[in-house]
Structures are given as C-alpha cells and as structure tokens.
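Enquirer: Quick one: the structure is below, and I'll ask about it shortly.
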Ligand SMILES: NC(=O)c1ccc[n+]([C@@H]2O[C@H](COP(=O)([O-])OP(=O)(O)OC[C@H]3O[C@@H](n4cnc5c(N)ncnc54)[C@H](OP(=O)(O)O)[C@@H]3O)[C@@H](O)[C@H]2O)c1
C-alpha cells in the first residue's frame, strides 16, 4: 500500500450467500479447505478503490487457498473433480474468485496439485506470494531471469533478496535458488537460520548500520543478477528502508542494475539503476503462470525441494475468523503466514 493512501473505510466484514460458481472454459471450481492472509487483503478492505480503482463493493477478498476441486471447465485437461489443489485466484477480476468463501473459481494455469502428505493449511501458504516473486524474477520487463527447474542448474551468479523472511521473500529465495542463483538476503538475526531452509546462502541484519557494506563484501568479484526488494508495511518493518538498501547495493555492485520492488517506492532512484513495482498477478495472463504453477511447482513440491514457507500460523477455523486473522497480520508477523482452516 502506498504511504499516501489513508484508510477511508472502517474494517468491516459480513457473511453473504452466493450460488456456487459455474466454471468458464479454463476455470476450476474449488471447495476451499484453508486460506492464507496477505496484507493487501485488509488494505483493499480499508482503502477500497484508492488502491485498485474500479473495484466494486461489497466484495469477497482472499488470494491464497487450498482445497478440493468440485468441477472443471470444458477446456481443462490437467485437473478433475476430487483433486487437491492450491491456487492463486484472480480476486480483482471477479468476486467469485475471492478465496474467503466456501466455493471459488480459479484459472487452471494458476493452480497446482500438491503431495498427499501435505495438509491444506500448509498448501495454502505459497500461491499469491509465489506469484509476486515469480513476476519480479522472471518476467522480461523485470529481472528476466531464467526460469526455475527441478533440479536447479547453478550459474554462479548472485541474486539479492531484501526481506527474505517475508512471505514474498521466502518464495523469492526458493525460486532464485531453483533458477540457479546463489541468494543473499536480509532479515532479523532471529531469522538467519530460518531463511537458510528455503536456500539463502547468506543472511544479513537489515537494521544493522553496516548491512549495505557487509553485503557488498560478499558481492565483490561476483556478478549480481539484480534484486527483489520486499519490506513489510505492518510493524515492525519499513518497506522504504528495504527498497533503499536494495537500490544502493545494486548501484554499487557488478551486474544487472535492476530492482523489482514489491512495495510502492517513492524515493530517489540511484543513477544508472532502474526499479519497477511488481504487479503480482500479471503471470496469470502470460506464459509464466503455467511455467510456475504447472511445470515447476508440482514437481518441486513432489521432490521436496520447495517448502511451504514461511510456516503457517493457523489462527482458527471458519470464515468468521477471517477478520480476526487480519488483525494478527496487522500487528506484524515474523516469518509466519497467517492461515484460517475452513
Ligand atoms: N506488489 C505486489 O503484488 C505485492 C503482493 C504481496 C505483497 N506485497 C508487499 O510485499 C511486502 C511483504 O508482504 P508479505 O506478505 O511478504 O509480508 P510479511 O510476510 O507479512 O512480512 C513480515 C516480515 O517483514 C520483514 N521486514 C519488515 N521490515 C523489513 C525490512 N526493512 N527489510 C526486510 N524485511 C523486513 C520482517 O522480517 P523480520 O521478522 O525478519 O524482521 C517480517 O518477517 C508488503 O509490503 C506487501 O504489501 C506486494
């Protein structure tokens, strides 16, 4: 959310009844079993059309879910009724796609099977933040990196992920590693070990006054493929600081001079460095959606090389717990994904 956008609506949620959605040709209808919360959910709730002009209210929110398919569209070949899937539905397009309801529609290129030994609560963790990270890393008008593979092919280059313990960050680290990069990241010291699980090679404290210099020592003599900047809008974080550090490091290192920005950054760009705000759902309309959700993720989950990270923090069961779950995220989480079981 841009710092200039002030809440215009009091947080308010209410349950409503809809007919079960009917899938279009390339859609699947999923009975939701677990959903995860993203900061943008309550941002839409409170800022309304100031954030996404054209949205209409009342609206069903929610971008992360796992559940069981109940119906598939006529052109869907990859899924059938009864399959367990995770999905990133296009909540901004239609309210039938909002994850916070019992039956939702999702595009088939934005859903993946997951292994039988995985719970719905784990499976709902990655989808939306995986999409955000993938858009920033792989789209040609962002970092344009090679796509991830199972197993990865190391290329000797470094990828900088500022904010590795965020939900977007945990996915950016894993995608970067799967695409062959060595990942350098930032987080609080208590998460240094945690960010190594998804594959970060180096972790630095973003609040250290020497963080930028310390990271530049690691980057010396190596080629940097660019960076993804992620910082939370909720306490304890400050997204602008993450963006500034990232831009500074990229400006002073060798390699690609581009930072994919998960947050709106209104500060000055260093000379010679480009940055662009990630719109985390654009992959649904290009070939990247299928590359990630169809070709890469199911294989990586099955191989155990992709983690459901950060770890789910299940705060309750039932749609009536969603508003309460928003409050947990608003207060600030550290390397946890807030989840509600349905
Ligand atoms: N552009 C898009 O499409 C899109 C989509 C989703 C999210 N976002 C944005 O991405 C950001 C992260 O979202 P999220 O859901 O991934 O967040 P999250 O998981 O709720 O983030 C919490 C984490 O933020 C970290 N953090 C706070 N300040 C930081 C800083 N200055 N540098 C590095 N890390 C910092 C904290 O790390 P420690 O606990 O280790 O201190 C904490 O683990 C938000 O600004 C969100 O609005 C953008």
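The values are calculated or read from the model by the stated rules, or taken from the named source; none is laboratory data. All values reported here derive from a predicted model rather than from experimental measurement. Note: ideal-geometry Cβ built from the backbone for every residue, glycine included; neighbour counts use all protein chains shown.
Enquirer: May I ask you to verify whether residue 310 is within 11 Å of the ligand (Cβ to nearest atom), touching a strand residue (DSSP E or B) at 6+ places or on another chain (Cβ under 7 Å) and touching a residue at least 12 places away in the same chain (Cβ under 8 Å)?
Expert: For residue 310, the condition - within 11 Å of the ligand (Cβ to nearest atom), touching a strand residue (DSSP E or B) at 6+ places or on another chain (Cβ under 7 Å) and touching a residue at least 12 places away in the same chain (Cβ under 8 Å) - is met.
Enquirer: While we're looking at this one, here's another question. Is the range 125-144 home to any residue that is within 18 Å of the chain's Cα centre (by Cα), away from the ligand (no atom under 16 Å from the Cβ) and over 25 Å from residue 336 (Cα atoms)?
Expert: Checked the range 125-144: at least one residue is within 18 Å of the chain's Cα centre (by Cα), away from the ligand (no atom under 16 Å from the Cβ) and over 25 Å from residue 336 (Cα atoms).
Enquirer: Taking the residues in the range 181-210 that are part of a loop (DSSP other than H, G, I, E, B) and within 18 Å of the chain's Cα centre (by Cα) as candidates, determine which candidate is surrounded by the fewest Cβ atoms within 10 Å (Cβ to Cβ).
Expert: 197
Enquirer: Here's a follow-up. Between a residue in the range 179-205 that is assigned by TED's automatic domain parsing to the domain that holds residue 220 and without any contact (Cβ under 8 Å) to a residue 60 or more places away in the chain and any residue that is assigned to a strand (DSSP E or B) and surrounded by fewer than 17 Cβ atoms within 10 Å (Cβ to Cβ), which pairs come within a Cβ distance under 9 Å, given they are 6 or more apart or on different chains?
Expert: Correct list of pairs: 186/205; 189/205; 192/205.
Enquirer: Determine which member of the set 169, 176, 164 is within 18 Å of residue 253 (Cβ to Cβ) and assigned to a helix (DSSP H, G or I).
Expert: Just one listed residue meets the conditions, 176.
Enquirer: Among the residues that make up the range 303-318, is at least one of them more than 19 Å from the chain's Cα centre (by Cα), assigned to a loop (DSSP other than H, G, I, E, B) and over 20 Å from residue 114 (Cα atoms)?
Expert: yes
Enquirer: While we're on this one: Restricting to the range 185-218, name every residue that is within 13 Å of the ligand (Cβ to nearest atom) and within 13 Å of residue 245 (Cβ to Cβ).
Expert: Selection gives 185, 186, 187, 204, 205, 206, 207, 208, 211, 212, 215.
Enquirer: Could you tell me whether any residue of the range 99-113 is in contact with a strand residue (DSSP E or B) (Cβ under 9 Å, 6 or more places away or on another chain) and without any contact (Cβ under 8 Å) to a residue 40 or more places away in the chain?
Expert: no
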